Number of protein chains: 2
Amino acid sequence: MNSVNELELLKSFMPFLPENDQVLTGPGDDCAVLKWNSEFDLIVTVDQLIEDIHFLPETPGEAAGAKLVKRNLSDIAAMGGTPLWGVLTLGASEKSQEYLLAFMKGAGAECAKYNVALCGGDISSLPQKGLVTTFTLAGRVPAGRAVLRTGASPGETLYVTGPVGNSFESGHHLNFTPRLDLAEFMLKEATAMLDISDGLLLDAKRLAERSGVDLLITPETVPLRQGAVLPDALSSGEDYELLFCGKGGLPFPAIGKVLPGTGKVTVAGFEEITSYGYEH
Amino acid sequence: MNSVNELELLKSFMPFLPENDQVLTGPGDDCAVLKWNSEFDLIVTVDQLIEDIHFLPETPGEAAGAKLVKRNLSDIAAMGGTPLWGVLTLGASEKSQEYLLAFMKGAGAECAKYNVALCGGDISSLPQKGLVTTFTLAGRVPAGRAVLRTGASPGETLYVTGPVGNSFESGHHLNFTPRLDLAEFMLKEATAMLDISDGLLLDAKRLAERSGVDLLITPETVPLRQGAVLPDALSSGEDYELLFCGKGGLPFPAIGKVLPGTGKVTVAGFEEITSYGYEH
């Protein structure tokens, strides 16, 4: 599915997404935010991990299982949250029991590392050879303090928490560590945030649109992963670093400015952005 | 995947399912039960709905989308719960946008009917033609009062809330209404419960094993759906009625007795049960 179709499709689903008084923030952020108790809000995310889309048949099962969990952990990190529990689904055909066990071992180890309970799931066969998996992950944030995509204001600085680009070739898309370590800092300092899963430019555009601002990115200030090159590194995806806005002088690479606007992203020195990023 | 393999596989996953202090009841029931607040526990379930496994390519999109949500609503009903919110995933290839819209319309309508917020999701392409969907649904039960599979005691009566059998041929597997209307009654009267998704006998065996009792079923007292015949109706699956235990004289069909034991299910008049049910 190319990016235009996915966005169109998502938009066209909106009339069919009922809400109720449990929902504090619905679709459109890294997690939904839901009522929990006086101290915490509940945050929830779900991601798929599909063989031949998000990993290859030759990817070790443990690495694939870990990636499924870590993609969702990264969404929790992107809200300033702390993960709590998750449920997992496996649809599989012609996968060996050894592979599925390794997959679950990888997913379980990643959950254990962050004290996430893997408390339920569903297993089914598929009509065709392959492996389709999902993980739904819930976490918590202090009540009313989830860092959304909507809070950026003109005059602020745009930051990234680490290098981008060359994720597939370098193995980073399997080896990355979700930035849960930054939750306390982000709850204090970030005005708007998301994680870079689909490429810095596409994710920057999402933040700009949801905040109702423009972003001016200075490409020479963007930290690059070893082997990454501009401009590809700005749109190659699966970086799993956090992109956030805040006051000047914060201890992360400053890669641009927040300007008054309506959702445009400009890269200084590039006349026109033709490809915003990578979507599955 | 046949039933033996799925059960073996599930058991072999258990070492990889970490828990934490959020989990009140983990895998092994219709929903996981999690800490929420002083008034309510949170309950969570997830199910897959896969083309050519759980519905056919010619099944209308709205009916398939409704079925995805209703299967999960039935799991909430099986705990005596009230549904609150859910997240949905779609993995699709070579499905028309019209079909996917109809699917979402069906899922959304079913959510709206029960005041369930559809608060997030994920869309991806698949490497092969098909449609793989999942729904994760959360609900609530009064704190400490979820009806588990574990509470049956010898001397109690086994009940079913409605007819079984012939679900596929009759279209019941698409048209059923999850038994959420019975939550108040079940919270008061049911000692152990699950919903019949994989056939009365297989689900009875799960209840018997988890409760550590035997069950003796009198087949002539089991209500049958039009066109259903014994013994097939006891194992054909997708009934989505509730199977529960309680004191004698409750206003539902009494189909058997709870006996001391270790998880055996006996059908009076059938020497030996060779097939317990249907698993996807």
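The values are calculated or read from the model by the stated rules, or taken from the named source; none is laboratory data. As the structure is a prediction and not an experimental result, all values here were calculated from the model. Here Cβ is always computed from backbone atoms with ideal geometry, including for glycine, and neighbour counts include all displayed protein chains. The accessibility values were calculated without ligands, DNA or RNA, using every heavy atom of the protein model including side chains. Shrake-Rupley method; radii C 1.70, N 1.55, O 1.52, S 1.80 Å.
Numbers below:
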quantity: Distance between the stretch B:222-268 and the stretch B:41-113 - C-alpha centres, whole angstrom; calculated: 27 Å
quantity: Number of partner chain Cβ atoms within 10 Å, mean per residue of A:80-93; calculated: 5
quantity: Residue (of A:Ser38, A:Met186, A:Leu84) at the positive-pole extreme of chain A, dipole from beta-carbon charges; calculated: A:Ser38
quantity: Rounded tilt (10° steps) of A:3-13 against the dominant C-alpha axis of chain A; calculated: 80 degrees
quantity: Cα-Cα P(r), the stretch B:128-196, percent of pairs per 10 Å interval; calculated: 13, 38, 32, 13, 3, 0
quantity: Kirkwood hydrodynamic radius of the stretch B:117-235, from inverse mean 1/r over distinct Cα pairs, in Å; calculated: 17.0 Å
quantity: Anchor A:Lys35: lysines whose Cα lies under 19 Å away (excluding residues fewer than 8 positions away in-chain); calculated: B:Lys35
quantity: Residue-averaged beta-carbon neighbours from other chains (10 angstrom radius) around A:107-120; calculated: 6
quantity: Radius of gyration, Dmax [chain A; alpha carbons; angstrom]; calculated: 18.5, 55
quantity: Cβ-Cβ FRET estimate between B:Lys113 and B:Thr262, R0 fixed at 51 Å, reported to 0.05; calculated: 0.80
quantity: Computed magnitude of the charge dipole of the protein assembly as shown (debye, nearest 20; Cβ of K, R +1, Cβ of D, E -1); calculated: 1100 debye
quantity: Of all accessible heavy-atom area on the stretch B:1-149, the percent that carbon and sulfur account for (1.4 Å); calculated: 51 percent
quantity: Distances in nm from A:Glu184 to the matching label points in the other copies, shortest first (labels 7 Å along Cα to Cβ); calculated: 4.8
quantity: Cβ-vector label at 7 Å, A:Arg145, separations to other copies in nm; calculated: 3.4
quantity: For chain B, the longest site-free run once GluC sites (Glu not before Pro) in DSSP loop states with at most 15 other Cβ atoms within 10 Å are removed; calculated: B:95-270
quantity: Rh by Kirkwood over Cα pairs, then Stokes-Einstein D for the stretch B:168-280 at 0.692 mPa s and 37 °C, µm²/s; calculated: 226 µm²/s
quantity: In the stretch A:224-275, trypsin sites (Lys or Arg not before Pro) in a DSSP loop with at most 14 other beta-carbon atoms within 10 Å; calculated: A:Lys247, A:Lys264
quantity: Using a 7 Å Cα-to-Cβ projection, B:Ser38 label spacings across copies, nm, ascending; calculated: 0.8
quantity: Virtual paramagnetic centre 7 Å along Cα→Cβ of A:Phe270, amide N under 12 Å, in the stretch A:167-207; calculated: A:199-205
quantity: Length released on extending from A:Asn37 to A:Gln128, taking residue separation times 0.36 nm less the Cα-Cα span; calculated: 28.4 nm
quantity: Shielding by other protein chains, B:30-37, mean Cβ within 10 Å; calculated: 4
quantity: Helix-only [θ]222 nm of chain A, DSSP H runs n ≥ 4, -39500 (n - 2.57) each, per residue, nearest 500; calculated: -7500 deg cm²/dmol
quantity: Surface/4 estimate of mean projected area, convex hull on alpha-carbon atoms of the stretch B:75-161, nm²; calculated: 8.3 nm²
quantity: Projected area, mean over directions - the protein assembly as shown, Cα convex hull, nm²; calculated: 24.3 nm²
quantity: Accessible heavy-atom area order of A:Asp21, A:Asp47, highest first, probe of 1.4 Å; calculated: A:Asp21, A:Asp47
quantity: Rounded to 5, the percent of DSSP beta bridges in chain B classed as antiparallel; calculated: 75 percent
quantity: Rg/Rh for the stretch A:1-98, where both radii come from Cα atoms and Rh is the Kirkwood radius; calculated: 1.02
